[in-house]
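Some notes on the structure that comes next.
The values are calculated or read from the model by the stated rules, or taken from the named source; none is laboratory data. Because the structure is a prediction, the values reported are computed rather than measured. Please note: Cβ atoms are built from the backbone with ideal geometry, for glycine as well, and neighbour counts cover all protein chains shown.
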Ligand code: HEC
């Protein structure tokens, strides 16, 4: 390989690395996190809707309870990072209330309750007691999702 060609090759590799670095630097922008948060919330809504149908007896797919419960509990673990400062109305169309950033201790507590309630559903689901499972699905919806929406999401 000529010195000239090798020079161009290295220059090209460096340019590629620089582009990757720029792309990484642009990630996790507030508007992108807002969109990601709403998609994650919609996913949670899907899982809860499926669980509610089982709890009400509309469908008999009781073996899906553990799968939905695990998914909700998994997503609950990093929920707080979906609310960086500046990702509320400043970042786009959002129903997040300023209280999220004004009362961080209360918000963290709401996340914690959600994590605990979803962990409990994972446990109860293993037991197979359908009445206890239905009761815990209700508690997760009311205290977990509802507990946070009550104080930190705009009423629609
Ligand atoms: C710790 C707080 C918190 C918890 C817990 C929580 N949410 Fe939310 N949720 C929010 C906030 C805040 C918004 C508004 C997001 C925005 O628009 O910025 C929201 C929005 C939503 C939305 C609308 C999303 C959209 O597309 O605009 C749905 C659906 C939803 N949540 C479902 C759930 C369900 C179901 C659960 C429980 C399994 C849950 N959430 C748990 C805070 C929470």
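Assorted remarks:
- Qualifying residue in segment 140-153 (condition: over 17 Å from residue 47 (Cβ atoms) and more than 9 Å from the ligand (Cβ to nearest atom)): yes
- Only one entry in 66, 32, 53 is in a helix (DSSP H, G or I), within 22 Å of residue 97 (Cα to Cα), more than 12 Å from the ligand (Cβ to nearest atom) and out of contact with any strand residue (DSSP E or B) (no Cβ under 6 Å at 6 or more places or on another chain), namely 32.
- Filtering 94, 76 for residues that are in a loop (DSSP other than H, G, I, E, B), near the ligand (Cβ under 8 Å from one of its atoms) and under 20 Å from residue 44 (Cβ atoms) leaves a single hit, 94.
- Flag if residue 39 is outside any loop (DSSP other than H, G, I, E, B), at pLDDT 95 or above and surrounded by 16 or more Cβ atoms within 10 Å (Cβ to Cβ): no
- For segment 102-115, the set of residues classified as away from the ligand (no atom under 11 Å from the Cβ) and surrounded by 14 or more Cβ atoms within 10 Å (Cβ to Cβ) consists of 103 only.
- Within segment 78-100, the set of residues being over 17 Å from residue 38 (Cβ atoms) and out of contact with any helix residue (DSSP H, G or I) (no Cβ under 8 Å at 6 or more places or on another chain) comprises 98 only.
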